[in-house]
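A short reminder: the numbers here are calculations on the coordinates, not readings from a lab. From a predicted model like this one, the values you see are computed outputs, not experimental measurements. In this analysis, Cβ positions are derived from the backbone assuming ideal geometry, glycine residues included, and neighbour counts consider all displayed protein chains.
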Amino acid sequence: MPAAPIREFDDHAADPKVRGYLHAPETPNGNGLVLTHGAGSNAQAPLLIALAETFSAAGLTVLRCDLPYRQTRSFGPPGPGDAARDRAGLKNALAAVREMVFGRLFLGGHSYGGRQSSMLCAELSKQTPEAANLVRALLLLSYPLHPPRKPEQQRTQHLPDLHTPTLFVHGTRDPFGSIAEIEQALKMIPAKTKLLPVEGAGHDLGHKGKAKQEALVAPVFKAFGEFVS
């Protein structure tokens, strides 16, 4: 399939504003996907680009966006007070894509971006039925279950409130959580879940190598399609 046209996307009217790159499919299927990045990265992460191209080639309208903290600072990780605003930015990104599509809306993120995506969905589940059903499924890449070498600092407090079907993609050598630890965490989620292990991959899922990246994206796309079907 031909690659979808890509254009810069800026919604200055939103607060926090939405900034990123929009992949508009040649033949839209009515569904949309918002993708966001990890703590030290941005919307130009090669893994996000590869995923966006693959999903948009299949007909989804895809927005890969910079979280608000990254819009403010061009490098470095988010600060302790950034998380709530980053989730607000994701909510605005979803609203922007919702205006472009009539079908299902999905949300995905790598590491920190995935964690904030899951926290947002847990928050939405406590609001109106419309808000709770805004995101039909989550794609979490390298969920940062705990800091490296600190397994006691579990980032699972919101998982019992996560009612959004979620596909986890996780490397078998990820220092932010072992496969066994992720499997235990999944048991806390009162929604449909699935784990796609990536053999030999670390926290970056091999996205720095083009060959590994291409080998990863196809099975992720296939697994997500089967998961939401």
> Which of Thr61, Gly32, His203 sits closest to the plus end of the dipole of the chain, meaning its Cα is farthest towards the positive end, when Lys and Arg get +1 and Asp and Glu get -1 on the C-beta?
Replying inline: His203
> Is any helix in the chain, taking whole DSSP H runs, at least 20 angstrom long along its axis by alpha carbon and on average at least 0.0 on the Kyte-Doolittle scale, and which ones?
Replying inline: 210-228
> Where both partners of a DSSP beta bridge lie in region 16-149, what percent of those bridges are antiparallel, to the nearest 5?
Replying inline: 25 percent
> So who's got an amide H within less than 5 Å of the one on Gly171, skipping anything under 5 residues away but keeping other chains? H placed 1.01 Å off N, in plane.
Replying inline: Ser142, Val198
>> Taking θ = phi - 60°, what integer Hz values does the Karplus form 6.51 cos²θ - 1.76 cosθ + 1.60 yield along region 25-42, in sequence order, with x for Gly and Pro?
In response: x, 5, 10, x, 9, x, 9, x, 9, 9, 10, 9, 9, x, 4, x, 10, 7
>> Restricting to DSSP H runs of at least four residues, report the calculated mean residue ellipticity at 222 nm for the chain, -39500 (n - 2.57) per run over all residues, nearest 500 deg cm²/dmol.
In response: -10000 deg cm²/dmol
> Using the alpha-carbon centroid of each, what span in Å lies between region 139-211 and region 17-71?
Replying inline: 21 Å
>> For the chain, give me the percentage of DSSP beta bridges that are antiparallel, rounded to the nearest 5 percent.
In response: 30 percent
> If the cut-off is 20 Å between C-alpha atoms, which aspartates and glutamates fall inside it for Lys192, apart from same-chain ones fewer than 8 positions away?
Replying inline: Glu123, Glu130, Asp161, Glu181, Glu183, Glu226
